[in-house]
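The values are calculated or read from the model by the stated rules, or taken from the named source; none is laboratory data. Not measured: the values here are computed from a predicted model. Methodologically, a virtual Cβ is constructed for each residue, glycine included, from the backbone with ideal geometry; neighbour enumeration extends over all protein chains shown. We work out accessible area using only protein heavy atoms, side chains counted, and drop any ligands, DNA or RNA first. Shrake-Rupley method; radii C 1.70, N 1.55, O 1.52, S 1.80 Å.
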Amino acid sequence: MIWDKAEELGRLIGQTQECKALRRAESSLKEDKETVAKLETIQNLARKVDQMVAAGQMPDQETAEAYERAVRELELSPTGQAYVVARANFEKVMIKVNQLIGEGTEKGTTSSIITLG
């Protein structure tokens with residue numbers, strides 16, 4: 001039963017306006033080679049920062065500035081901006097969903113009524 005409910009929840013999330021907007025933004029993003037290149041730069045710099053932090057080091061100023069510049073450039077491009085907004089809106093939905101799942105789990109663990117249906 002739980003797997004059916006999880007699948008149904010996934011289907012319902014996929015039907016939200018926020019998810020549809022994110023899919024459209026992702027599709028537009030894939031068609032914009034310049035924005036894709038900016039995203040790849042951001043991802044590479046983020047990996048570099050993560051590796052440095054994992055090694056107990058602070059990112060050097062050059063890397064930090066390059067990351068900030070790349071993010072700013074992405075946010076200034078219309079395609080990148082649409083993606084960032086759509087992603088943020090979808091993440092808000094997922095935060096609320098996870099919050100409600102947590103509340104439901106808490107209620108389920110404290111409930112003395114057992115339901116199998």
Take the Cβ-Cβ distance between Arg23 and Asn98 as r, set R0 to 22 Å, and report the resulting FRET efficiency rounded to the nearest 0.05.
0.65
Area accessible to solvent at Ile2, 1.4 Å probe radius, in Å²
110 Å²
What FRET efficiency comes out for Gln61 versus Glu31 if R0 is 35 angstrom and r is the Cβ-Cβ distance? Round to the nearest 0.05.
0.50
Provide the per-residue ³J(HN,Hα) series for segment 26-43, in order, calculated from phi with Karplus coefficients 6.51, -1.76, 1.60 and θ = phi - 60°, each as a whole number of Hz, with x at glycine and proline positions.
5, 5, 5, 4, 4, 7, 9, 4, 5, 5, 4, 5, 5, 5, 5, 4, 4, 5
Roughly how many Å² of Glu7 are accessible to a 1.4 Å probe, to the nearest 10?
130 Å²
Note down the accessible area of Leu12, probe 1.4 Å, to the nearest 10 Å².
80 Å²
By accessible area (1.4 Å), largest first, Asp60, Asp4 order as Asp4, Asp60
Which whole-number percent gives the relative contact order of segment 14-117, counting Cα pairs below 8 Å spaced six or more residues apart?
35 percent
Of the residues Val53, Val85, Val97, which exhibits the maximal mean-square fluctuation in a Gaussian network model of the chain defined by a 10 Å Cα contact cut-off?
Val53
In whole percent, and with a 1.4 Å probe on the protein chains, what portion of the accessible area of segment 21-65 is carbon and sulfur?
50 percent
To the nearest 500 deg cm²/dmol, what mean residue ellipticity at 222 nm is calculated for the chain from DSSP H runs of n ≥ 4 alone, each contributing -39,500 (n - 2.57), summed and divided by the residues?
-29000 deg cm²/dmol
Could you give each residue of segment 73-80 its phi-based ³J(HN,Hα) in whole Hz, using Karplus coefficients 6.51, -1.76, 1.60 with θ = phi - 60°, and x for Gly or Pro?
5, 5, 5, 7, 7, x, 5, x
